[in-house]
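Presented below is the structure to which this report refers.
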C-alpha cells in the first residue's frame, strides 16, 4: 500500500512539476509519508520511475490482446484487437513515456534502458505488421506498415486526442482500429 501510494504520488508530481523539478521530499509530502520512507522503499527518483515504466511495459491484459491480434486470422479483427491493446496500455501509462524522456534529459546514463524499452515496442510492432502481410494494401510492405502503426499508436497522439481534446478511451480505440484498417489493409481484407 505504501509503495503504491509513493509511486502514484511520484507520478502525479512528475506530470505536474516535471521529473527534474520533483524532489524526494515533494514525493514524500504528496504521499503523506516521511522522506526516509520514500528512500527506504525506492532509494531514488530513478527507482520510482523504473517501477512506473515497468508497470506500463508489463500489462498482462494488453499483452493478451496482442496475443489475440497475432492469432486471429481476420485482418480487420487483428487490428481491432491490436487497437484495444494500445488503448489499454496508454490508459494505464501514456504519461510515463513523456516522463521517461524527461528522466533521460536529467540523467543520460538511463538512455540505454529507455531505448531498450522503445526497441521492444518497435520489435513487437514489427512482428504484428508481419502478421498482416498477406492482407496489406498494395505498396505497403511490413516495414512500411510497422512505421505507420508506430506513428499512429504513439502515446503523444493518445494524449492529444484523449487528454487535450476530450475523446473517451472508447472513441480513441474505435478511431485507431478504423484508421489502421483504412491505412493498412487491401479493400478485399476489410
Among the Cα-Cα pairs of the chain, the proportion with separation greater than 26 Å, in percent, is 39
Please give the helix 169-184 orientation as an angle from the longest Cα principal axis of the chain, in degrees from 0 to 90, rounded to the nearest 10.
40
Region 2-43: Rg/Rh from Cα coordinates, Kirkwood Rh?
0.92
Using a Gaussian network for the chain with springs between C-alpha atoms less than 10 Å apart, which of these wobbles most: 52, 132, 118?
118
Quick one: angle between helix 45-57 and the longest Cα principal axis of the chain, in degrees between 0 and 90, rounded to 10, please.
20
Per-residue counts of other Cβ atoms within 10 Å, averaged by peptide: what ranking do you get for 71-77, 41-47, highest first?
41-47, 71-77
Can you give me the angle between helix 111-131 and the longest principal axis of the chain, using Cα atoms only, in degrees from 0 to 90, rounded to the nearest 10?
20
Note on region 80-127: C-alpha Rg/Rh, Kirkwood Rh, two decimals, gives 1.05
Neighbour-count ranking [beta-carbon atoms within 10 angstrom, fewest first] of 157, 180, 185
157, 185, 180
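Taken together, the values in this text are just the output of simple stated rules run on the coordinates, not laboratory data. Note that the structure is a prediction, hence the values are computed from the model and not measured. Note that we place each Cβ from the backbone using ideal geometry, even for glycine, and neighbour counts take in every protein chain shown.
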